[in-house]
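Please treat every number below as a calculation from the coordinates, not as lab data. Just so it is clear, the model here is predicted, and its values are computed rather than measured. FYI the Cβ positions are ideal-geometry reconstructions off the backbone, even for glycines, and counts take in every protein chain you see.
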Amino acid sequence: MLKITLDNLPKLLASLSELGELQVPCENKGGKVDFEKWNVEKRPRFDITLTSKSAKDLFFPQVEDLLAFKTEGKNLSIEQIPPSNKQVILMGVRACDIRSFELLDKVFLKEPVDTYYKARRENTLIIGMACSEPEETCFCGSFGINPTAPCGDVTTWLVGEELYWQANSEAGKEFTEKVAELLEQAEASQVEAQQAATKAVLAQMPLANFKVAAKIPQDELKTFNSKIWEEISAGCLSCCTCTYVCPTCHCYDIRDYAVSDNHTERYRCWDSCMASDFTKMAHGNPRKTKVERFRQRYMHKLVYFPNNNEGNFACVGCGRCLQKCPVNLNIVKVAKALEVSEDV
C-alpha cells in the first residue's frame, strides 16, 4: 500500500492530468458537486460522499453525436462520428457508482455491442475512493457492495491528511508506476481502522437492514398484477428526476437535428420510461397511463433485470432517488410496499 499527503495532492493531480483527461468531483457554480475535467483552478471535493449525478455519463453521455447527413443536389453523404478514444482517468468514484458500471456493462456490452460505450470503458482508468462518512440515504450494502473497499483499477482511502493508494488491476499497477515517485510506502493499519469505524456507522444507518424481498422477482406475474401500483404511483409527478440521477438507468432516444438546409446530425440522448412520450410509436405510447409507466420502471429494477442477469438488481443503493424525488417516492418505498402487499 502507498500514500501521499494532501499537501502534495496537487502534484499528483497534475501528474495524472498529463497521462489523460482527469475527471474528479468538483463544485460547480450552482454549488453542486459533480465530476468535471480537472485543472489547477479547480479544487477537488473528495470529501463529498455522493456527487449530485453519477459518473455514468462519462461512458453513456447525456447527449452523444452519432451520424452526420449532408446533401449536395441529389447526392447524399453519410458520415459516422467515431466514438471517443481519448484516455480518461476517473478519480474519486464511490463503490456504488463503480458497481453501476458493471451493471451497465451487462446492457451495452451484450451483443450487439455498443461500440461508443465500449470505447469509453476501454479507455478509462477508474480510481475508486472508499466511503468514511456515508449519507443517511445510503443502502449499497443491501446489494452486497462494500463501500469501505471499492473496486476499480486503483482503490484510495482519504484518512486524515493522507490519501492511501492501492493498485488492483494490471492497468492500475502499470499506471501507479508512472506516478510512483510521488507516493511513499505505507502501512495498512490506518486504513483498516477507518474501515472498521465506517462499518460500525453503516450498521446503525436507517436502511442498514433493507433487503428486496425474494418473492418480488420470483413471481413476476403476481408482482406485475399487484394492486399496490395504482396506490403508490398516485403521488408521482412523472418529473423523471429519479431516472436522470440514477446511475443504472440507461434508456435513450435517437433524434435528428437540422443544422442547416443540407446538413443534419443524428444524436442520442437520455430518455426516461417515466415520460409520457417514451417509446412513442405511430399509434401512440404502449403505456398510456402513469400507473403503467411507474410500474415499468420498478418492474425493470426489481424483477426484469435480476431475472435476466444472474439475480443482479438494477440498483446500487446510492440513495440519489431518496434525496432528489420531490414527493418522496423511491425504490426502497416501492420494494417495502410490494413486500407487505398481500397480492404479491
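Tabulated data for the structure shown
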read-out	value
Cβ crowding within 10 Å averaged over residues, with 20-29, 71-80 ranked highest first	20-29, 71-80
Charge dipole (debye, nearest 20) of the chain; +1 at Cβ of Lys and Arg, -1 at Cβ of Asp and Glu	1140
Positive-end extreme of charge dipole, the chain - chosen from 66, 159, 330 (charges on Cβ)	330
Local electrostatic count, residue 266, Cβ distance below 14 Å [Lys/Arg +1, Asp/Glu -1]	-3
Residue 323-residue 269 FRET efficiency (beta carbon distance; Förster radius 35 Å; 0.05 resolution)	0.90
Dipole in debye (nearest 20) - the range 42-180, about Cα centre, beta carbon charges: Lys, Arg +1; Asp, Glu -1	340
Inverse of mean 1/r across different Cα pairs in the range 1-147, Kirkwood, Å	17.4
Spin-label pair residue 340/residue 76, simplified geometry with 7 Å Cα→Cβ offset, distance in nm	5.8
Potential lengthening between residue 227 and residue 47 on full extension [0.36 nm per residue; Cα-Cα distance subtracted]	60.5 nm
Charge dipole of the range 1-133 about the Cα centre (unit charges at C-beta), most positive-ward option of 15, 26, 38	26
At q = 0.09, 0.10, 0.12 Å⁻¹, base-10 log of I(q)/I(0) for the chain (Debye sum, equal scatterers on each alpha carbon)	-0.56, -0.68, -0.95
Size of the range 216-344 as Cα extents on the principal axes (Å, biggest first)	59, 33, 32
Highest-fluctuation residue, 45, 94, 266 considered, GNM on the chain with Cα pairs under 10 Å	266
Approximate spin-label separation residue 65-residue 189, in nm, with each point projected 7 Å along Cα-to-Cβ	5.7
Cα-centre dipole for the range 170-262 with unit charges at Cβ (Lys and Arg positive, Asp and Glu negative), debye to 20	620
GNM flexibility winner over the chain from 103, 221, 90 (Cα, springs under 10 Å)	221
